[in-house]
Amino acid sequence: MTTKVIKGGTVCTADRTWKADVLIEGEIIKQIGEDLVGDEYIDAEGAYVIPGGIDPHTHLEMPFMGTTAAETFESGTWAAATGGTTMIVDFCLPGADGSIKNAINEWHRKSAPQICSDIGYHMAVTGWDENVFNEMKDAVDMGVNSFKHFMAYKGALMIEDDEMFASFKRCAELGALPMVHAENGDLVAELQEKYFSEGITGPEGHAYSRPPELEGEAANRAITIADAAGVPLYIVHVSCEQAHEAIRRARQKGMRVYGEPLIQFLTLDETEYFNKDWDHAARRVMSPPFRSKDHQDSLWAGLQAGSLQVVATDHAAFTTDQKRAGRDDFRIIPNGSNGLEERLAVLWTEGVETGRLTPNEFVAATSTNVAKILNIYPKKGAIVEGADADIVVWDPKITKTISPANHHSVLDYNVFEGFNVKAQARYTLSRGDVIWAWGQNSQPQPGRGRFVPRPAFSSAQKALSQWKALNTPRKIERDPQNIPAGI
Ligand code: DUC
Ligand code: ZN
Ligand code: ZN
Ligand code: ZN
């Protein structure tokens with residue numbers, strides 16, 4: 001088996017930083033140490049050697065809001081590789097038959113011939129019946145151990161509280177992780193109607209109709225339901241202080257609740273929607289929407305304090321033409337924005353270069369914490385002997401101005417256009433193969449990526465229900481002698 005040595009770099013993991021070479025044999029990290037020898041060498045002088053990025057939240061080729069996300073499994077995983085991300089976790093949505101098993105097989109059918117690097121899935125639970133209950137077990141057996149619940153998108157994907165409670169209890173039984181899109185969908189629908197009927201038809205109406213209070217309410221509600229069900233909870237795309245506060249409070253009480261801010265929310269704000277040309281604003285329409293600077297500060301603080309654990313993208317790429325379906329009605333602009341290729345470079349520039357995050361915290365948020373929370377650590381997310389050789393030679397001296405002219409996404413724009421980023425992937429390796437080399441731009445073989453099954457959690461990772469009301473039968477002992485007259 002050929003061996004490769006990543007030579008002369010500084011290994012940077014979630015917990016330490018040290019000078020070392022990394023020896024790769026086949027797909028696996030074989031040894032970490034000084035002066036290692038191999039058949040081939042990869043130059044890491046002056047660069048960090050970090051675990052490949054894992055984006056826990058993408059929507060490639062997702063059928064959504066009357067169209068299909070333009071980023072394919074091929075273009076998406078290629079774009080990811082160029083930005084230092086070696087694995088994505090994509091959301092499967094059930095098709096018209098509502099079957100979970102069929103949806104997972106459909107995702108395999110679409111992704112397998114196309115992916116340039118590894119992939120995992122989450123499954124969406126968009127309704128509740130016996131079939132869903134049964135098929136959740138099939139999903140876990142198929143290596144999908146997390147289930148997303150949409151508390152918004154009324155009339156489409158939204159799930160009711162009783163259904164969510166049933167699904168969360170099923171997750172507890174199966175050792176699976178429930179996830180929520182936390183926004184109060186009933187009130188969002190009311191506000192959309194209100195603003196639209198008042199004549200606000202443009203993208204600013206999208207931001208007005210999805211205020212942070214509605215995200216905070218839903219986050220609190222989901223936490224309460226998870227607590228009652230005795231299951232951990234992962235809250236996707238946390239955008240605001242209200243949702244962050246709910247997570248902070250729950251964690252302080254001992255609940256296993258995780259929060260995922262997006263790179264967009266950390267670095268772009270609501271002014272993108274106001275007094276901008278229609279295309280500019282519509283391209284940035286996503287749910288939840290971008291917030292004010294105060295909310296950004298809260299998210300950065302959460303990453304530093306550990307109350308928020310990972311940074312994702314929710315990469316859901318719709319072209320300008322697709323966005324224009326909502327030209328006269330903000331309610332039908334396809335929701336989603338890009339970030340898969342930019343996540344690491346933007347987080348490094350706005351987080352590490354500004355002193356808000358250490359390089360180790362950067363690695364934790366982009367890779368290691370994701371692998372731990374999604375139960376694929378240390379196969380992924382680690383530079384240790386025996387781990388998959390998903391490694392990035394991260395060069396803090398390569399600068400770039402982000403532009404649709406130099407990105408690898410199929411999108412005709414980029415929400416980070418004009419950002420000057422201060423680091424880039426010099427090399428990206430996926431299971432030992434160099435799938436990106438700065439300056440060479442040669443795409444790896446589509447289909448070389450693999451599906452990564454994620455096992456159910458052990459009982460130690462489950463959360464205990466703190467709900468005495470549900471778990472301890474309570475009865476008032478009636479003493480017939482003491483019942484007052486008249487009752
Ligand atoms: N939000 C988006 O903006 N796009 C995809 C789905 C979602 O919840
Ligand atoms: Zn409802
Ligand atoms: Zn969502
Ligand atoms: Zn999403």
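Residues that are in contact with a helix residue (DSSP H, G or I) (Cβ under 7 Å, 6 or more places away or on another chain), at pLDDT 95 or above and surrounded by fewer than 24 Cβ atoms within 10 Å (Cβ to Cβ): does region 23-46 have at least one? The answer is no; no qualifying residue exists. Among the residues of region 306-319, at least one is within 16 Å of ligand 3 (Cβ to nearest atom) and either on the phi > 0 side of the Ramachandran plot or surrounded by fewer than 16 Cβ atoms within 10 Å (Cβ to Cβ) (or both).
When Ser337, Ser367 are checked against the criterion of being closer than 30 Å to Ser458 by Cα, surrounded by 21 or more Cβ atoms within 10 Å (Cβ to Cβ) and either among the small types (Gly, Ala, Ser) or within 21 Å of the chain's Cα centre (by Cα) (or both), a single residue qualifies: Ser367. Looking only at region 443-462, decide whether some residue is surrounded by 10 or more Cβ atoms within 10 Å (Cβ to Cβ), touching a residue at least 60 places away in the same chain (Cβ under 8 Å) and part of a helix (DSSP H, G or I). Yes, the conditions are met somewhere in region 443-462. Filtering region 312-329 to residues that are within 14 Å of ligand 4 (Cβ to nearest atom) and not polar (S, T, N, Q) leaves Ala312, Asp314, His315, Ala316, Ala317, Phe318.
Within region 273-299, being in contact (Cβ under 8 Å) with a residue 40 or more places away in the chain, of a type outside the set (A, V, I, L, M) and either touching an Asp or Glu at 6+ places or on another chain (Cβ under 6 Å) or within 16 Å of ligand 1 (Cβ to nearest atom) (or both) holds for Tyr273, Phe274, Arg283, Arg284, Ser287, Pro288, Pro289, Phe290, Arg291, His295, Ser298. Taking region 233-250 as the range and being out of contact with any strand residue (DSSP E or B) (no Cβ under 6 Å at 6 or more places or on another chain) and surrounded by fewer than 24 Cβ atoms within 10 Å (Cβ to Cβ) as the test, the residues that pass are Glu241, Gln242, Glu245, Arg248, Arg249. Each residue in region 291-331 was checked for being assigned to a loop (DSSP other than H, G, I, E, B), of a type in the set (S, T, N, Q) and out of contact with any His (no Cβ under 7 Å at 6 or more places or on another chain), and 3 pass. Answer yes or no as to whether Arg221 is away from ligand 4 (no atom under 16 Å from the Cβ), of a type in the set (D, E, K, R), closer than 22 Å to Ala124 by Cβ and modelled with pLDDT of 95 or more. Yes, satisfied. Here region 233-259 is the region considered, the condition is being in contact with a helix residue (DSSP H, G or I) (Cβ under 9 Å, 6 or more places away or on another chain) and within 16 Å of ligand 1 (Cβ to nearest atom), and the residue that is farthest from Val180 (Cα to Cα) is Cys240.
Checked against the criteria, Lys475 does not count as over 30 Å from Gly26 (Cα atoms), touching a helix residue (DSSP H, G or I) at 6+ places or on another chain (Cβ under 8 Å) and among the charged types (D, E, K, R). Among the residues of region 164-189, those identified as within 16 Å of ligand 1 (Cβ to nearest atom) and either touching a strand residue (DSSP E or B) at 6+ places or on another chain (Cβ under 7 Å) or at positive phi (or both) are Met164, Pro178, Met179, Val180, His181, Ala182, Gly185. Among the criteria (1) within 24 Å of Asn184 (Cβ to Cβ); (2) within 16 Å of ligand 4 (Cβ to nearest atom), the one Tyr273 does not fulfil is (2). In region 337-353 there is no residue that is touching a residue at least 24 places away in the same chain (Cβ under 8 Å), over 20 Å from Ile54 (Cβ atoms) and in contact with an Asp or Glu (Cβ under 9 Å, 6 or more places away or on another chain). A single member of Glu190, Glu241 is away from ligand 3 (no atom under 14 Å from the Cβ), out of contact with any His (no Cβ under 8 Å at 6 or more places or on another chain) and of a type in the set (D, E, K, R), and it is Glu190.
Residues considered: Glu183, Glu198. Of these, the only one that is more than 14 Å from ligand 2 (Cβ to nearest atom) and either surrounded by fewer than 17 Cβ atoms within 10 Å (Cβ to Cβ) or under 21 Å from the mean Cα position of the chain (by Cα) (or both) is Glu198. Among the conditions (1) within 30 Å of Asp321 (Cα to Cα); (2) touching a Cys at 6+ places or on another chain (Cβ under 9 Å), the only one that Asn414 does not satisfy is (2). If you go through region 121-170 and keep only what is within 16 Å of ligand 2 (Cβ to nearest atom), β-branched (Val, Ile, Thr), in contact with a Ser or Thr (Cβ under 8 Å, 6 or more places away or on another chain) and free of Cβ contacts under 8 Å to residues at least 40 places away in the same chain, you end up with just Ile159.
Annotation note: Cβ proximity below 6 Å between a residue of region 399-423 that is within 27 Å of Gly46 (Cα to Cα) and touching a residue at least 40 places away in the same chain (Cβ under 8 Å) and a residue that is in a loop (DSSP other than H, G, I, E, B) and aromatic (Phe, Trp, Tyr) (sequence gap 6+ or interchain) occurs for Ile402/Phe416; Ile402/Phe419. Taking region 138-158 as the range and being within 15 Å of ligand 4 (Cβ to nearest atom), within 22 Å of Glu190 (Cα to Cα) and not hydroxyl-bearing (Ser, Thr, Tyr) as the test, the residues that pass are His149, Phe150, Met151, Ala152, Ala156, Leu157, Met158.
The values are calculated or read from the model by the stated rules, or taken from the named source; none is laboratory data. No experiment lies behind these values; they were computed from the predicted model shown. Reconstructed Cβ throughout: ideal geometry from the backbone, glycine too, with neighbour counts over all protein chains shown.
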